[in-house]
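Quick notes on the structure that follows.
The values are calculated or read from the model by the stated rules, or taken from the named source; none is laboratory data. Here the structure is a predicted model, which means the values were calculated and not measured. With ideal geometry, Cβ positions are generated from the backbone for all residues, glycine too; neighbour counts draw on all protein chains shown. Calculation scope for accessible area: heavy atoms of the full protein, side chains included, ligands and nucleic acids excluded. Shrake-Rupley method; radii C 1.70, N 1.55, O 1.52, S 1.80 Å.
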Amino acid sequence: MKSLLDERHLVSSFYVFFLIYTNIIGIGIMTFQREITKDAGYDAWISIILSSISIHILVWMVYRILGIAKNDVIHVHKFCFGKWIGGLFNIFVIFYFLILALIVFRVYIEVVQVWLFPLMKTWQISLIILVLIYYVVSGGFRVITGMCFWGTIIPFIILFPLNFFSLEFANFDNLLPVFNHSLKEIVSSSKAMLFQYVGFETLFMFYPFLKNPNRSQKWAHFGLLFSSLLYLIVALITFVFFSEGQLNHTIWPTLAQMKIAKFPLIERVEFIVVSIWLLLVLPNISVKIWAGCRAIKKVINVKQRISLFIVLVLFFIIANVLKERSQIERLNEMYSNIAFYFVYLYIPFLFLYIHIKHKITK
């Protein structure tokens, strides 16, 4: 496929691995264990595998959709539904990406306030992070991709090994008995796990920015597989470290188990963990904001720098309005339901519809 964009704006297909990884592994890996065990208990590791398999199928569908359209989802909607109905779907896509970015942004601010700077105001933290986001997103897609690369390598090398320190206190009997929950409970847990994979849909927007998009599919699946294995390993370590009762009362299990690590001259390991985690959260938010602003440019024909500035101002205002954790959780729950229907209903529907439309058009 010959790209519609200038060569200097494109990235190699290899970088899809890092784009997918940073869109999936964000702030959710700090809290997901508690959510998925509410229904399936410590059989929730099965839910991680099942949800991962379903997302692999959906990624394959997304590639087939974009392969037919040879463009992004904005063009797909216009091709399938026409200018007006397709325009409504495109407006939904804009809000879909931006709200997801807002949730990650606000939750990370909460983590910083709880673990690092309890006396620091929300507007102070949000302003600092928004300046960094503006710098990254305004640099263009290649700069964002570079951030995704380093946001994968550095946090993984430094932070991932910290999880294994808690194995000193592991109780592997926590995992027994296996298959102790019904299929309905495991499926319900898989639905809770879905929110951790939400973000791979940005592929709908950055697909045209790949030099060889058809060859990038294997890297997308590798990125998804690597992310799934990371979730599975972290979950199993958490399950053998915490009892179910303890886990129900732990808001950030991953951070709590990383605190076990002890090093000379470092008294508070969590300070380093939360700080370095910004390298992963920053590209996670940036890709989603870029996708939303890119969609705004194509739908409303507004320059991306202008829409970016407006979006960041709105983020600043909304982040300071959402002061209570209960408000953030309600927004999170509402978005999880929307994402579930978008991912498991709309993407398969669009997959079937564009194939039928394409055959009729031919």
**Report entry** Output for the stretch 139-149, where each listed residue is buried (at least 16 other Cβ atoms within 10 Å of the Cβ) and touching a residue at least 60 places away in the same chain (Cβ under 8 Å)
**Finding:** PHE141, ILE144, THR145, MET147, CYS148, PHE149
Report task. Show the residue pairs that are 6+ apart or on different chains and have beta-carbon atoms under 6 Å apart, the first residue being within the stretch 106-126 and farther than 16 Å from TRP252 by Cα, the second being open to solvent by 60 Å² or more (accessible area, probe 1.4 Å) and in a helix (DSSP H, G or I). Result -> SER126/PHE316
Report task. Considering each residue of the stretch 191-214, count those that are over 22 Å from ASN284 (Cα atoms) and either touching a Ser or Thr at 6+ places or on another chain (Cβ under 6 Å) or among the β-branched types (Val, Ile, Thr) (or both), and give that number. Result -> 1
Query raised in the report: Somewhere in the stretch 109-121, is a residue in contact with a Ser or Thr (Cβ under 9 Å, 6 or more places away or on another chain), closer than 21 Å to GLN217 by Cα and among the β-branched types (Val, Ile, Thr)?
Result: no
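From the list VAL269, VAL240, VAL234, VAL198, exactly one residue is touching a Lys or Arg at 6+ places or on another chain (Cβ under 8 Å) and not basic (Lys, Arg). Which is it?
Of VAL269, VAL240, VAL234, VAL198, the one residue that is touching a Lys or Arg at 6+ places or on another chain (Cβ under 8 Å) and not basic (Lys, Arg) is VAL269.
Report those helices (runs of 4 or more DSSP H) wholly inside the stretch 14-131 carrying at least 2 residues which are open to solvent by 30 Å² or more (accessible area, probe 1.4 Å) and out of contact with any strand residue (DSSP E or B) (no Cβ under 8 Å at 6 or more places or on another chain).
In the stretch 14-131, 32-40, 44-69, 73-115 are the helices (runs of 4 or more DSSP H) which contain 2 or more residues that are open to solvent by 30 Å² or more (accessible area, probe 1.4 Å) and out of contact with any strand residue (DSSP E or B) (no Cβ under 8 Å at 6 or more places or on another chain).
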Query raised in the report: Are any residues in the stretch 150-185 open to solvent by 80 Å² or more (accessible area, probe 1.4 Å), more than 27 Å from the chain's Cα centre (by Cα) and under 20 Å from LYS262 (Cα atoms), and if so, which ones?
Result: GLU168, PHE169
Query raised in the report: Which residues, counting only those in the stretch 208-222, are under 18 Å from HIS56 (Cβ atoms) and open to solvent by 10 Å² or more (accessible area, probe 1.4 Å)?
Result: ASN214, ARG215, GLN217, LYS218, TRP219, HIS221, PHE222
